[in-house]
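The values are calculated or read from the model by the stated rules, or taken from the named source; none is laboratory data. As the structure is a prediction and not an experimental result, all values here were calculated from the model. Methodologically, a virtual Cβ is constructed for each residue, glycine included, from the backbone with ideal geometry; neighbour enumeration extends over all protein chains shown.
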Amino acid sequence: MRFFENQPLVNNAPEGRVEGVAKVTGSGKYAAEYKVANQCYAVLVGSTIAAGTINRIHVEEAKELAGVLDVITHLHKPIVPGMADAAKIKESRFGLPILHTDTVYFKGQPIAVVIAETLEDATYAASLVWAEYTTREANVNFDQLHPGVATKADGKERGSVSAWADAPYKVDASYNIQHEVHNPMEMHATIAHWESADKLKLYDKNQGVNNVQRIFAKLWNIPPANIEVISEFVGGGFGSGLRVWPHALAAIMAARQVNRPVKLVLTRPQMFLLVGYRPQSWQQVQLGADSNGRFTGIRHQAKHSTSLYEDFNDGITRVTRMVYQIPNVKTESANVPLNLSTPTWMRGPGDCTGAFAVESAIDELSYQLKMDPVALRLKNLALTQHPESGKPWSTNFLNECIEKGAAMIHWQDRQPQPAQQKEGDWAIGYGMATGMWNAGRGNAGAAIKMQPDGTITVQTAMTDIGTGTGTAMQNITHEQTGITKSKIKIELGHSTLPAAPSQGGSTGLSSISGAVVATCNALKQKLAGYAATQEEVYKSAAPADILLSDTGISYQTHNHHFISYNSLFEKNHLTEVEVEASAGPGAERQQYAFCSSAAHFCRVKVNIKTGKVKIDKMVAVVDGGRIVNEKAAANQVSGAAVGGIGMALMEEQAVDHRYASLVGNDLAGYHFAVNADAPIIEVAFINKPDTNSNPSGAKGLGEVGIIGSAAAIANAIYHATGKRLRNLPVTPDKILLA
Ligand code: MOS
């Protein structure tokens, strides 16, 4: 990854992450790395059938082993009040009624939990548990089932559904994306510790401690405050930590059962099964344009897989209704239940899936029209208002993203016709696509604690899953207070800290930055109150009048009515000053529509003999509002681009339709992009603040880093070879056979 040379790094760039040293030295603890006194280990036993009923579970042999403490099944378990009956389970929105049903919905569904003194004992004992079943026919064949499932209209229909068909230029094509799996480096893990009958402490890998707290408070019928959730370091999520999954409940039940702290860590194969995935999908895009290249109509149908016990909807068609000005729009969707576990949001979720199809169709149309794909998009952007809601965009600089990206990839070097450029056996091609994401914001809280020496600690319950949220919080606190960054400590991911939304959907910084600004103002106000006991002028001071430094407080200009923190603390008999504040969206969210956007460009080489694709260079230009920390932001976008490469070329979880099994469900069998697959990735930002979004002007940018990137790659492969690949991943065989 390298930054765009002509773009000077903005503020805050050169320093490392606030958590960097802790991560690289190993002192930062991930969920599974805690050791609680007297803890024991739990291992899940999965069903060996994919559909049916459990008639009997044989646990006797496992239970007799030395070191085994107990084996939980749906017939032998502690009482979970929120799962007492089917209605309660549904109301809890927990999803899988783990250990509360004899129904098997998918192969590998946890049917028992073995608890033992050591991980080895528990693992061995789990291998001895087996069940007798009544087996029903399982179906995991999405391609076979989806034609029988009708789509329903979603979103707001505009104009006529058939307008696209009357256009002189049109594309009518279907697109397929295989089942993909998040696979963050860190395994999902839970250590559950009942400190008393109604007090629970959890070390847990997730993307939102307050969400975990809420869900389990409901299930166990205890106040949320009685559940402490610690997720201080999170080794990646990609969406897998946005939900609370069965293994966490299994750990809590196990701890209840044996009345000891229990650690449960998923194995890598279980990570493929029990913490969500990007559902397999089929899409049909019908898009028309007039002879000037104006889009006249689009119909977008999308279907994706879900489980039999939950109707997860990924929202594939949303992006179709927001990027371009199209007079006639109809979007439709459906979910297709299979004997698999429930999918969930993954890397730019449904919008990323949808953008692949729509941005591929637009590219195809550009060749029919003999128009440059860049010019075609610029002509059709809906830059002034959200085309569905009609609300004015607060800010939308997608046009600038496209123009800047075209310059960075040297788009002018591209030949208009496909399959024109070769280097030996390698065909060269250029491709581009756009991405957009609804830039949201939630209510978030933060606290600041100040010591007499002027060091401060900024705290929030929000997690940082590797995006740099903590670093950005430090940057904003520095900007707001003037206190040196090295004196600003950040504490995250603990449910006893001020409540905050989960980190996901590109809303982390957008939500927390408002809280940090509010808390900095609260600190200034509180210090002014103490200062007023020494200097009259502070009595009516507003936060804007207060200047802080590393050593003390001043009024309006530095060193004016200066009072050192030492003196302030001493005179007011303070050992620590603490403030807390929260902030969230307001009326501006009714008035404006919000989006982040990106333009993705790439240059590929395709080997005409082997079908191998090498990505030469990728460019991502992002409008994420003001960029608080360019290093962390660019890091996130380049990481997303690597995800885009995986999606475009490699990622595919094979499912054996005969046995309803995942195949190759480990990191040897499931391919994603690694360092050797990652080209030079150039990232640039528009970096214009959106002051309606929140006080920091940031809009959030994780999702748009990947939304559209797979289409840019497939479009480049077409330009290189003249072969239009509409099914992901584009593996070499597909190129050779096309
Ligand atoms: Mo995500 S899919 O925004 O964690």
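Brief remarks on what is shown
- Enumeration of residues in segment 715-727 that are touching a helix residue (DSSP H, G or I) at 6+ places or on another chain (Cβ under 6 Å) and either crowded, with 24+ Cβ neighbours inside 10 Å or outside the structural domain of Ile428 (by TED's automatic domain parsing) (or both): Asn715
- Taking the criterion of being surrounded by fewer than 24 Cβ atoms within 10 Å (Cβ to Cβ) and farther than 22 Å from Thr135 by Cα, the residues of segment 101-125 that qualify are Glu117, Thr118, Leu119, Glu120, Asp121, Thr123, Tyr124.
- Residue selection: Gly643 fails the criterion of being over 26 Å from Ser341 (Cβ atoms) and within 16 Å of the ligand (Cβ to nearest atom).
This table checks each residue for (1) within 15 Å of the ligand (Cβ to nearest atom); (2) surrounded by fewer than 24 Cβ atoms within 10 Å (Cβ to Cβ); (3) of a type outside the set (Gly, Ala, Ser); (4) touching a residue at least 24 places away in the same chain (Cβ under 8 Å).
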{"position": "Ser486", "(1), (2), (3), (4)": "no, yes, no, no"}
{"position": "Leu497", "(1), (2), (3), (4)": "no, yes, yes, yes"}
{"position": "Ser513", "(1), (2), (3), (4)": "no, no, no, yes"}
{"position": "Val516", "(1), (2), (3), (4)": "no, no, yes, yes"}
{"position": "Gly529", "(1), (2), (3), (4)": "no, yes, no, no"}
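- Flag if Gly514 is in a helix (DSSP H, G or I) and in contact with a Lys or Arg (Cβ under 8 Å, 6 or more places away or on another chain): yes
- Residue within segment 263-271 that is of a type in the set (S, T, N, Q), in contact (Cβ under 8 Å) with a residue 12 or more places away in the chain and in contact with a Leu (Cβ under 8 Å, 6 or more places away or on another chain) present: yes
- Enumeration of residues in segment 585-642 that are surrounded by fewer than 24 Cβ atoms within 10 Å (Cβ to Cβ), touching a Lys or Arg at 6+ places or on another chain (Cβ under 9 Å), part of a loop (DSSP other than H, G, I, E, B) and not aliphatic (A, V, I, L, M): Pro585, Tyr592, Gly611, Lys612, Arg626
- Taking the listed residues Val619, Val637, the one that is within 23 Å of Thr691 (Cβ to Cβ) and at pLDDT 95 or above is Val637, with no other qualifying.
- Considering residues of segment 370-388 that are among the charged types (D, E, K, R) and farther than 18 Å from Cys602 by Cα only, the residue surrounded by the most Cβ atoms within 10 Å (Cβ to Cβ): Glu388
- Filter result (of a type in the set (Val, Ile, Thr), closer than 30 Å to Ile476 by Cβ and either within 16 Å of the ligand (Cβ to nearest atom) or over 21 Å from the mean Cα position of the chain (by Cα) (or both)) within segment 672-724: Ile686, Thr691, Val704, Ile706, Ile707
- Residue within segment 308-323 that is within 21 Å of Gly405 (Cα to Cα), within 16 Å of the ligand (Cβ to nearest atom) and surrounded by 24 or more Cβ atoms within 10 Å (Cβ to Cβ) present: yes
- Among the candidates Val262, Val229, Val244, residue that is at pLDDT 95 or above, within 16 Å of the ligand (Cβ to nearest atom) and not assigned by TED's automatic domain parsing to the domain that holds Leu497: Val244
- Checked against (1) assigned to a loop (DSSP other than H, G, I, E, B); (2) within 16 Å of the ligand (Cβ to nearest atom), Met271 passes all but a single condition, namely (1).
- Residues of segment 228-263 satisfying the condition of being among the aliphatic types (A, V, I, L, M) and within 15 Å of Val80 (Cα to Cα): Ala248, Leu249, Ala250, Ala251, Ile252, Met253, Ala254, Ala255, Val258
- Selection status of His558, modelled with pLDDT under 95 and either more than 40 Å from the chain's Cα centre (by Cα) or not charged (D, E, K, R) (or both): yes
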